[in-house]
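Peer 1: My structure is below; once you've seen it, I'll send some questions.
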Amino acid sequence: MLILMQKNATKEQIDAVCRRIVEIGYQPHQIPGSMRVAIGITGNEGAVSTEHFMQPEGVADCVPVSNAYKLVSREVKPEPTIVRVGDVSIGDGHLQIIAGPCSVESKDQIFRTAEVVAKSGSKMLRGGAFKPRTSPYAFQGMKQDGLRLLEQVREAFGLKIVTEVKDSETLDEVAEVADVIQIGARNMQNFSLLEACGRLRKPVLLKRGMMATLKELFMAAEYLLSLGNYDVILCERGIRSFETMTRNTFDISAIPLIKRHTHLPVVADPSHGVGISWAVPAMAKASGVAGADAVMVEVHPQPDHALSDGQQSLTLAEYEKLAKQMNELAAWRGKSN
Ligand code: PEP
Ligand code: MN
């Protein structure tokens with residue numbers, strides 16, 4: 001259920017409704033809007049009786065929410081969510097670019113990449129320190145040493161750091177360094193990790209599982225919001241299909257669908273989506289046209305020598321060219337980067 005407060009409802013009236021929700025055993029979620037505050041209720045198994053909210057002053061209406069995903073839905077919050085990462089906004093109409101290697105591999109590698117990323121006008125650097133790899137024999141990431149390099153590179157270039165958390169055990173140390181915590185496709189339904197990230201007050205980039213429907217993605221995001229973390233960005237990174245010429249099937253239609261059904265910003269990841277470097281720029285641009293709030297691409301100074309995902313990584317020169325085109329696309333969309 002969603003309680004819509006009157007436009008002129010006072011803070012005391014809003015607090016009184018929230019207290020009432022707690023008294024009857026549920027959790028309130030204040031959702032500020034430009035016109036008025038709405039309060040979502042979670043924790044209920046069946047329908048919540050509207051009777052509880054007839055008395056409190058300031059209540060305009062009680063609306064049942066039909067979706068299983070409540071807090072992420074447009075039904076509950078018609079206005080788009082803008083996730084603020086320091087002075088960088090995702091979801092405000094700008095087209096942000098998040099770029100960097102799949103894995104942090106060395107100081108030279110991450111610094112050379114960051115220099116080009118910063119020079120191109122991008123404000124966010126990606127790079128995994130803890131890598132969830134299909135094979136136990138593959139490079140597992142530089143771990144703590146990788147986190148230290150990410151701290152240094154942020155200091156040197158002022159870029160925001162997006163890095164993946166692999167498990168609950170290492171969440172605290174990753175969260176200390178990350179400006180945005182990435183939950184990877186393989187962890188989209190790691191419910192303990194979702195709960196732990198839901199308790200953090202730090203933006204989370206949640207990737208769609210490789211076999212997940214959009215509804216399952218929304219329900220995974222609901223875990224984060226239901227625990228009070230509203231700074232969630234959803235990421236389309238391709239899904240498994242019968243096609244074998246690409247690594248995954250990049251579901252561009254997910255971009256407008258996510259934006260229609262949820263209020264959360266969307267990041268497109270064409271690198272994992274197609275898995276072939278030459279196809280990444282076309283899909284990155286298509287994502288911008290489809291309405292993505294940000295595009296995340298893998299870049300490496302020497303893709304042929306990358307310790308992970310080299311086949312889908314752009315060279316620095318290829319990235320510079322793409323970034324220029326993305327900036328032109330951003331201007332065409334109406335908000336220059
Ligand atoms: C990554 O971003 O490098 C990654 C492991 O992505 P995904 O979880 O989408 O496979
Ligand atoms: Mn990767």
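Here, each number is a calculation from the coordinates, and none is a lab measurement. Small disclaimer: the values here were computed from a predicted structure and weren't measured. Here the Cβ positions follow ideal geometry from the backbone for every residue, glycine too, while neighbour counts run over all protein chains shown.
Peer 1: Using alpha-carbon pairs under 8 Å, 6+ residues apart, how would you state the relative contact order of the stretch 139-218 in percent?
Peer 2: Working: 89 pairs, mean separation 18.8, N = 80.
The value is 24 percent.
Peer 1: By how many degrees, 0 to 90 and rounded to 10, does the Cα axis of helix 214-226 deviate from the longest principal axis of the chain?
Peer 2: 70
Peer 1: Computed FRET efficiency, Cβ-Cβ of Gln144 and Arg240, R0 30 Å: what is it to the nearest 0.05?
Peer 2: 0.40
Peer 1: Rounded to the nearest 20 debye, what is the charge dipole size of the chain about its Cα centre when +1 sits on each Lys and Arg Cβ and -1 on each Asp and Glu Cβ?
Peer 2: Values: 38 positive and 39 negative charges, 111 e Å.
For this selection, approximately 540 debye.
Peer 1: Could you give the length gained by full extension between Met211 and Gln302, i.e. 0.36 nm per residue of separation minus their alpha carbon distance, to one decimal place? Don't jump to the answer; show the numbers that get you there.
Peer 2: Details: separation 91, 0.36 × 91 = 32.76 nm, distance 3.08 nm.
Extra length available between Met211 and Gln302 comes to 29.7 nm.
Peer 1: Tell me, what is a quarter of the convex hull surface for the C-alpha atoms of the stretch 2-63, in nm² with one decimal? List each step's numbers first, then the result.
Peer 2: Values: hull surface 14.7 nm².
Averaged projected hull area, Cα only: 3.7 nm².
Peer 1: Quick one: P(r) of the stretch 235-337 from all Cα-Cα pairs, 10 Å bins, percents rounded to integers, in order of increasing distance.
Peer 2: Spelled out bin by bin, the stretch 235-337 gives 16, 45, 31, 7, 0 percent.
Peer 1: Now for a different question. May I ask you to evaluate 6.51 cos²θ - 1.76 cosθ + 1.60, the Karplus curve with θ = phi - 60°, for each residue of the stretch 6-15 and list the ³J(HN,Hα) values in order in whole Hz, giving x for glycine and proline?
Peer 2: Coupling constants for the stretch 6-15: 5, 4, 9, 4, 8, 4, 4, 5, 5, 4 Hz.
Peer 1: With the contact rule set at Cα under 8 Å and sequence spacing of 6 or more, what percent relative contact order holds for the chain?
Peer 2: Values: 724 pairs, mean separation 54.9, N = 337.
It comes to 16 percent, rounded to a whole number.
Peer 1: Scaled to the compact-protein estimate 2.2 N^0.38 Å, what is the alpha-carbon radius of gyration of the stretch 262-307, rounded to two decimal places?
Peer 2: That works out to 1.27 for the stretch 262-307.
Peer 1: In whole angstrom, how far apart do the alpha carbon centroids of the stretch 146-178 and the stretch 182-209 sit?
Peer 2: A separation of 15 Å, based on Cα centres.
Peer 1: For the stretch 67-148, take the convex hull of the Cα atoms, compute a quarter of its surface area, and give me that in nm², please. Working shown, then result.
Peer 2: Details: hull surface 33.2 nm².
For the stretch 67-148, the mean projected area of the Cα convex hull comes to 8.3 nm².
Peer 1: Now, a different point. Using per-residue counts of other Cβ atoms within 10 Å, averaged over each peptide, order 161-169, 87-95 from highest down. Could the numbers behind the result be given before it?
Peer 2: Numbers: 161-169: 21.1, 87-95: 18.0.
Packing proxy ranking, top to bottom: 161-169, 87-95.
Peer 1: If I fit a long axis through the Cα atoms of helix 316-333 and take the longest principal axis of the Cα atoms of the chain, what angle between them do I get, 0 to 90°, rounded to 10?
Peer 2: 40
Peer 1: Sticking with this one: Of all the Cα-Cα pairs you can form in the chain, what percent are over 25 Å apart? Please report the intermediate quantities before stating the final value.
Peer 2: Values: 29070 of 56616 pairs.
Cα-Cα pairs of the chain separated by over 25 Å account for 51 percent.
Peer 1: So how many Å³ per residue does the convex hull of the Cα atoms of the stretch 15-140 work out to?
Peer 2: Numbers: hull volume 23.5 nm³, N = 126.
That works out to 186 Å³ per residue.
Peer 1: Calculate the FRET efficiency for Arg19 and Trp332 from the Cβ-Cβ distance with a Förster distance of 41 Å, rounded to the nearest 0.05. Intermediate values should be presented prior to the final figure.
Peer 2: On the way: r = 49 Å, r/R0 = 1.18.
It comes to 0.25.
Peer 1: Which residue, Ala212, Ala68, Ala284, has the most motion in a Gaussian network model of the chain that connects Cα atoms within less than 10 Å?
Peer 2: Checking each option, the largest mean-square fluctuation is seen for Ala68.
Peer 1: Right, next: How many nm is it between the label spots at Gln311 and Glu151, if each spot is 7 Å from the Cα in line with the beta carbon?
Peer 2: It is 3.6 nm.
Peer 1: Another question about this same structure. Compute the long axis of helix 107-119 from its Cα atoms, compare it with the longest principal axis of the Cα atoms of the chain, and write down the angle in degrees, 0 to 90, nearest 10.
Peer 2: Around 70 degrees separate the two axes.
Peer 1: Using only DSSP helix segments of four residues or longer, with each worth -39500 (n - 2.57), what per-residue ellipticity at 222 nm results for the chain after dividing by its residue count and rounding to 500?
Peer 2: Using -39500 (n - 2.57) per qualifying helix, the result is -10000 deg cm²/dmol.
Peer 1: Got a sec? Charge dipole of the stretch 211-260, +1 on Cβ for Lys and Arg, -1 for Asp and Glu; which of Asn248, Leu214, Tyr230 is way out at the positive end?
Peer 2: Towards the positive end, the residue furthest out is Asn248.
Peer 1: On to the next question. For the stretch 170-322, take every pair of Cα atoms, bin their distances at 5 Å starting from 0, and report each bin as a whole percent.
Peer 2: Spelled out per bin, shortest first, that is 2, 10, 18, 21, 20, 16, 10, 4, 0.
Peer 1: According to a simple spin-label model (label point 7 Å from Cα along Cα-to-Cβ), what is the distance in nm between Met35 and Ile276?
Peer 2: Simple spin-label model gives 4.8 nm for this pair.
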